[in-house]
Amino acid sequence: MRPQIPSGRRQPSSTGARSSPSGGSGFHIACTEEAAPVLKRRLGRTEQPLAVMATPEEVERIAVVSEEERRILQSRERPIVVLERRTIRRTRDPGLHTIGCMLPYTGLHHLLFANLAHPLLVMTSANLPGYPMITDLEIVLGRLSEEVDYILTHDRRIVNRCDDSVVRDGYIIRLSRGLAPKRAAIDLGDATILSVGPELNANVSVYRNGFCITSPHVGNVRNPQTLAYLQETAERIGGLLDARYDLIVHDLHPQFLSTRYAREVAEAAGAELLAVQHHRAHIAAATREECVGIAIDGVGYGDDATIWGGEVFSGTVPHLDRVAHLEVVPMPGGDLATRFPERMLYGILPTSGVRDLLSSRGWSEMELSVLTRQVERGLNVAATSSTGRVLDAAAALLGICRERTYDGEPAMKLESAAYAGKATAWESEFLRDGGCEVLSTRSLLAEAYRRSAAGERVNDIAASFQYNLARGVAAMAVRVAEERGIPRVALSGGVAYNRAIRETVLSEVRAAGLEVVMNREYPLGDGCISFGQVVYGGSGE
């Protein structure tokens with residue numbers, strides 16, 4: 001393997017990104033810690049956390065590493081492991097108490113570190129977030145000419161692109177290099193099934209002859225490039241298995257690109273087509289036993305065409321009834337409220353006090369007037385029970401994050417603020433919506449506002465908000481389990497990566513004498529959806 005540096009590259013600046021070494025499954029961009037601010041500016045990701053590759057000694061120096069985390073770091077899979085760091089250094093992860101660390105895992109990496117004066121490199125994939133890994137040198141030369149100063153590559157063709165896997169607290173965040181394709185033994189009958197996953201953090205799964213094969217992480221299927229990669233991945237796995245599909249499973253959302261692709265495959269194969277609601281797929285991925293299932297995440301298309309994300313189900317796959325959820329609240333501007341969480345804050349808590357708060361932060365009278373009329377009249381306002389959007393609103397209220405620049409930023413920064421706080425119990429308000437119990441998130445946010453106005457520490461409010469939100473969700477699940485005589489509660493969804501929220505839910509459930517079910521073999525986030533879709537499709541009626 002002969003390292004190559006193509007000619008015709010511009011000379012490196014004294015502070016810029018130093019190199020773009022390729023791993024075995026796609027290109028990375030790497031730089032020293034000192035150059036990280038320059039790299040982030042070049043990439044337009046000034047706030048986004050970037051992982052580091054470091055020697056084992058350096059990882060121990062910058063982060064707190066448990067025995068289990070050390071085992072995962074040093075395993076042959078060599079994933080990125082999200083660790084608590086010893087000190088906060090804004091050059092790497094602004095505002096976060098965690099840092100993603102990985103050890104060198106290819107021959108090229110070991111050669112690089114053997115010749116470096118630095119024990120640590122900031123490292124990120126050389127593709128836009130949600131897009132496929134770059135595997136072609138010509139694409140690197142065309143797209144990264146302004147971002148990197150050198151390209152370090154080799155003369156071996158990268159056949160299968162694959163992102164780095166990511167693990168936190170033993171739970172998989174991204175199922176990819178070293179962990180996937182994943183083969184799981186499961187009896188779902190004689191049908192051959194293809195599932196195409198969700199829209200975000202997608203992958204595909206194929207079931208045939210008693211085994212389910214789940215692909216590595218594909219990305220966000222919102223663009224033609226990632227859709228093409230999804231199709232390529234499905235065709236490759238299907239070809240290797242000689243699959244002749246009887247059933248194609250997709251998300252309930254009718255407008256997803258993956259839904260359109262599922263229809264095309266089903267038509268071509270003469271297969272049946274099945275739509276599975278996002279959060280039910282989450283629970284199906286966790287267990288096939290009777291359970292009360294908690295699914296807490298950012299977004300999923302619901303049965304009623306609203307945006308779900310704080311759901312409690314009861315039953316056995318494929319018969320999971322929605323029995324409780326977070327309060328349905330407005331999202332002024334739809335996706336705009338995701339980018340600017342202060343809009344979400346006002347949607348949940350449209351009071352004069354919040355209006356004054358936004359005015360003090362620079363909102364003009366015209367902007368506030370438009371927002372107010374939008375909420376009052378329901379113009380371009382989506383309805384949601386999403387846990388993620390409630391956490392976004394809390395982050396906005398406390399001034400922790402006013403604009404989301406990367407996926408999950410407000411909730412992640414809220415978690416880090418809460419990490420330094422002390423949680424106290426608040427009174428929760430529960431409502432009824434038809435046959436469902438509802439946790440009032442308006443009352444929780446109003447309490448947070450009252451405490452903020454009274455001068456309580458931001459960190460303590462953040463910790464208490466997370467704690468009482470989690471406690472409320474757990475209380476609804478426990479009541480359902482006790483009323484229906486169900487002995488177990490399953491937990492899934494991206495919000496469950498938040499350690500404080502997860503452990504609060506688990507503690508409350510266990511205190512009620514109930515069994516807890518979580519899947520450590522698949523991601524808690526949307527990387528489990530395609531597997532859950534297969535399980536749902538293979539479970540019949």
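The values are calculated or read from the model by the stated rules, or taken from the named source; none is laboratory data. The model shown is predicted, which means the values in this text are computed figures rather than measured ones. Reconstructed Cβ throughout: ideal geometry from the backbone, glycine too, with neighbour counts over all protein chains shown. Accessible surface areas use protein heavy atoms only, side chains included; no ligands, DNA or RNA. Shrake-Rupley method; radii C 1.70, N 1.55, O 1.52, S 1.80 Å.
Brief remarks follow.
- Positions within the stretch 433-450 being in a helix (DSSP H, G or I) and touching a residue at least 12 places away in the same chain (Cβ under 8 Å), in sequence order: T441, R442, S443, L444, L445, A446, E447, A448, Y449
- Within this structure, V480 passes the test of being within 19 Å of A295 (Cβ to Cβ), among the β-branched types (V, I, T), surrounded by fewer than 24 Cβ atoms within 10 Å (Cβ to Cβ) and over 23 Å from the mean Cα position of the chain (by Cα).
- Qualifying residue in the stretch 141-164 (condition: over 18 Å from M123 (Cα atoms), of a type in the set (S, T, N, Q) and either in contact (Cβ under 8 Å) with a residue 60 or more places away in the chain or in contact with a helix residue (DSSP H, G or I) (Cβ under 8 Å, 6 or more places away or on another chain) (or both)): yes
- Tally, over the stretch 190-201, of residues that are at pLDDT 95 or above and in contact with a helix residue (DSSP H, G or I) (Cβ under 6 Å, 6 or more places away or on another chain): 5
- Evaluation of G219 against the conditions (1) on the phi > 0 side of the Ramachandran plot; (2) open to solvent by 50 Å² or more (accessible area, probe 1.4 Å); (3) in contact with a Gly (Cβ under 6 Å, 6 or more places away or on another chain) shows that the sole unmet condition is (2).
- All of T124, T106, T135 fail the test of being of a type in the set (S, T, Y) and more than 27 Å from E199 (Cβ to Cβ), apart from T106.
- Checked against (1) of a type in the set (G, A, S); (2) surrounded by fewer than 22 Cβ atoms within 10 Å (Cβ to Cβ); (3) modelled with pLDDT under 95, S22 passes all but condition (2).
- Within the stretch 287-309, none of the residues are touching a Gly at 6+ places or on another chain (Cβ under 6 Å) and surrounded by fewer than 20 Cβ atoms within 10 Å (Cβ to Cβ).
- Members of the stretch 148-161 that are within 29 Å of the chain's Cα centre (by Cα) and surrounded by fewer than 17 Cβ atoms within 10 Å (Cβ to Cβ): V159, N160
- Matching option when the condition is modelled with pLDDT of 90 or more, open to solvent by less than 20 Å² (accessible area, probe 1.4 Å) and either among the acidic types (D, E) or under 25 Å from the mean Cα position of the chain (by Cα) (or both), among D164, D93: D164
- Residues of the stretch 489-513 satisfying the condition of being hydroxyl-bearing (S, T, Y) and crowded, with 18+ Cβ neighbours inside 10 Å: S492, Y497, T504
- The one condition in (1) at pLDDT below 95; (2) open to solvent by less than 10 Å² (accessible area, probe 1.4 Å) that T384 fails to fulfil: (1)
- With respect to the conditions (1) aliphatic (A, V, I, L, M); (2) open to solvent by 10 Å² or more (accessible area, probe 1.4 Å); (3) assigned to a loop (DSSP other than H, G, I, E, B), V516 lacks only one, and its number is (3).
- Selection from the stretch 244-262 of residues that are over 16 Å from V299 (Cβ atoms) and either assigned to a helix (DSSP H, G or I) or in contact with a Leu (Cβ under 7 Å, 6 or more places away or on another chain) (or both): Y245, L247, I248, V249, R260, Y261, A262
- Out of R432, R484, R499, one residue alone is closer than 19 Å to E327 by Cβ and among the basic types (K, R). It is R432.
- Among the residues of the stretch 119-132, some residue qualifies, meaning at least one is without any contact (Cβ under 8 Å) to a residue 12 or more places away in the chain, open to solvent by 10 Å² or more (accessible area, probe 1.4 Å) and out of contact with any Asp or Glu (no Cβ under 9 Å at 6 or more places or on another chain).
- When the residues of the stretch 519-535 are filtered to those that are farther than 21 Å from I80 by Cα and of a type outside the set (A, V, I, L, M), the one that is most open to solvent (accessible area, probe 1.4 Å) is F531.
- Residue ID - surrounded by the most Cβ atoms within 10 Å (Cβ to Cβ), chosen from residues in the stretch 169-205 that are within 23 Å of M133 (Cβ to Cβ) and free of Cβ contacts under 8 Å to residues at least 40 places away in the same chain: A180
- Of all residues in the stretch 54-83, those that are under 14 Å from G170 (Cβ atoms) and modelled with pLDDT of 95 or more have Cβ atoms under 8 Å from Cβ atoms of residues that are in a helix (DSSP H, G or I) and open to solvent by 50 Å² or more (accessible area, probe 1.4 Å), 6 or more apart or on another chain, in L73/P56.
- Among residues of the stretch 185-204, those that are over 22 Å from G540 (Cβ atoms), in a loop (DSSP other than H, G, I, E, B) and not acidic (D, E), counted: 4
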